[in-house]
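As C-alpha cells, the structure follows; a few thoughts come after it.
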Amino acid sequence: MGEMAKAFELSLDLFIKEIDRRAHAFEAPPEDFNPLMASRAQLEFFGLPPRPDEDKEPELFRLWARLLDKPLKIVATEFPKVVNGQPPPVPANRVGRIVRPSFQRFQRSRNWSGGCLTAEYPNRLVHVSGTWQVPDVSLPPVLPHSAKQGDEFQSSVWVGIDGRRRYPTSSMPQVGTSQCLQIVDGIEKKKAYAWWQWWSLDENYPPDNRNNPPVPIPNIDVSVNDEIIAGLTLRHHDEVQFFIKNQTTGLFTTFLVVAPGPILPLGSTAEWIVERPTVIGSHRLYPLPSYTDVVFRDCLAQSAASIGAPATAQQLDRLQFIRMTDIFPDPHRTSFVSVARKEGDRSIRVRYRDASAPGSGGLLS
C-alpha cells in the first residue's frame, strides 16, 4: 500500500467517525402518515419541511407539495459505517472545490459550470433547492490532453450554499448525484449515486476536510433519467438540514448535519452546479464525460435578515453563469466543455460542449 493510500485509509477512518458524530437521521414516519395533512409539530418531529404559505410563497408551496406528495416513501437516512473493522466503499473523489470569486456575469472555472446567485444585501441565503434529471454519460468525442480512454470519467450535479470564497474556515454544504463512466476491456461501466457533503477549507481541524470524499446515501438509489428534488436549509449558524428525493421512485430522506469545525457565517451565495470532481488527496481533476443536458428546474433560493427570520424568495435576474474549461491537444487549445444559460424564470440549462465541434478551437470561439 502506497503512502497516499495509507493516508487516505487513515483519513477515511477518522472521516467515518466524524460523520457518526455530526450527522443526525430522523425517524421515518409510519406508512399511513400523510405529510400533506400533518400538523406543523408532526412535520417537525419527522424532520419534514414546514408547510409554506400558499399565498405568500406560491413557488415554494408548489415544490413542497410535490416533494411530499406521492410517489413517496420516507426513509431514515443511512450513513457509512465501519463493519467488522472494515470501512464502507466511499468514492475516491471530492466535490465542492471552491471557485475563485468574480463579479463578472460570465465566469470561467476548471471544475464548475452552472449558476451562482449572490444574496441581496443585507440578507443572507437560508435555503436553496432545485430539481434535475440524472444525466446519462458517455466518452467525450475528443479526449482532453491529460485523459486516456481507460480513465474514470466523473461528473457531479448538485445544489449548495457558499463555496465562492477562499478564506480559511469558509465552507459549503451541498447535496446531489454523481455519474461515473469507465471503459474496461472495451465494455462501458457506468454508475450513479446520491451523496451529500459539507466541504470546509480548514487544514487545522482534523481530519483535513478538503480531502474528505462526498458521503454516499446508500438507501436513496438513483439511475439515469431519474428526477431528483434536493435542497438544504440553514437551521443554525453551524447546522444545516439536507433533503433529497428521487421523484421517480418516491424515495425521500432528510437529515441534520453539524459543521465540520469552526466556519465563517453561511449564506453568501447559492449554487446549481455540474462539476468534475477532484481526485481525493490531490489537485488532479477527473476528466469530464460527455453528458446529456442537465436542466435545473424550480431553482429556489430564500434569503432572510437572520436564520429563523421571515424569508423572501430571490429572483434569478442577478444570476452569474460559470463555464467550465479544459485543455485539448492537436492543436493545443483551451476550450469550454460545459456551459450554462438561464431558461425560464426558475430554470438553468447546463450542457456539454463538444470540443471537436466547429468553432470550438479556443475559448473565444
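Quick notes on this structure:
- Phi to ³J(HN,Hα) by Karplus 6.51 cos²θ - 1.76 cosθ + 1.60 over the range 62-76, Hz, x for Gly, Pro: 4, 5, 4, 5, 5, 4, 9, 8, 5, x, 8, 9, 7, 10, 6
- Using θ = phi - 60° and Karplus 6.51 cos²θ - 1.76 cosθ + 1.60, couplings along the range 301-315 (whole Hz; Gly, Pro as x): 9, 10, 10, 8, 5, 7, 5, x, 7, x, 10, 10, 7, 8, 7
- Under-5 Å amide H pairs with residue 343, H placed in peptide plane, nonlocal only: 348, 349
- Prolate/oblate/rounded label for the range 217-365 (Cα gyration tensor, a/c 1.5): prolate
- Highest average first, the peptides 186-196, 331-341 ordered by how many other beta carbon atoms sit within 10 Å of their residues are 331-341, 186-196.
- Note that the range 263-338 presents 36 Å² accessible area per residue, ligands and nucleic acids not counted, probe 1.4 Å.
- Taking the Cα centre of the range 195-335 as reference, the dipole from Cβ charges on Lys and Arg (+1) and Asp and Glu (-1) amounts to some 140 debye.
- Cut-off 13 Å between beta-carbons: net charge of the residues surrounding residue 245, Lys and Arg +1, Asp and Glu -1: -2
- The charge dipole of the range 289-334, taken about the Cα centre with unit charges on the Cβ atoms of Lys, Arg (+1) and Asp, Glu (-1), comes to about 120 debye, rounded to the nearest 20.
- Anisotropy class of the range 289-345 from Cα gyration tensor, a/c 1.5 cut: prolate
- Residue-count net charge about residue 348 - beta-carbon cut-off 12 Å; Lys, Arg +1, Asp, Glu -1: +1
- Computed with a 1.4 Å probe over protein heavy atoms only, the accessible surface of the range 121-206 comes to 40 Å² per residue.
- Each of the peptides 261-268, 319-326, 142-149 was scored by the mean count of other Cβ atoms within 10 Å over its residues; in descending order, highest first, they stand as 319-326, 261-268, 142-149.
- Separation between Cα centres of the range 250-306 and the range 31-80, rounded to whole Å: 22 Å
- Largest to smallest in accessible area, the residues 45, 33 fall in the order 45, 33 (1.4 Å probe, all protein chains included).
- Karplus-based coupling profile of the range 39-47, in residue order and whole Hz: 6, 4, 5, 5, 4, 5, 4, 8, x, with θ = phi - 60° in 6.51 cos²θ - 1.76 cosθ + 1.60 and x standing for Gly or Pro.
The values are calculated or read from the model by the stated rules, or taken from the named source; none is laboratory data. For clarity, every value in this text was computed on a predicted model and none was experimentally measured. FYI the Cβ positions are ideal-geometry reconstructions off the backbone, even for glycines, and counts take in every protein chain you see. The protein model used for the area step is the full one, side chains on, heavy atoms only, and it has no ligands, DNA or RNA in it. Shrake-Rupley method; radii C 1.70, N 1.55, O 1.52, S 1.80 Å.
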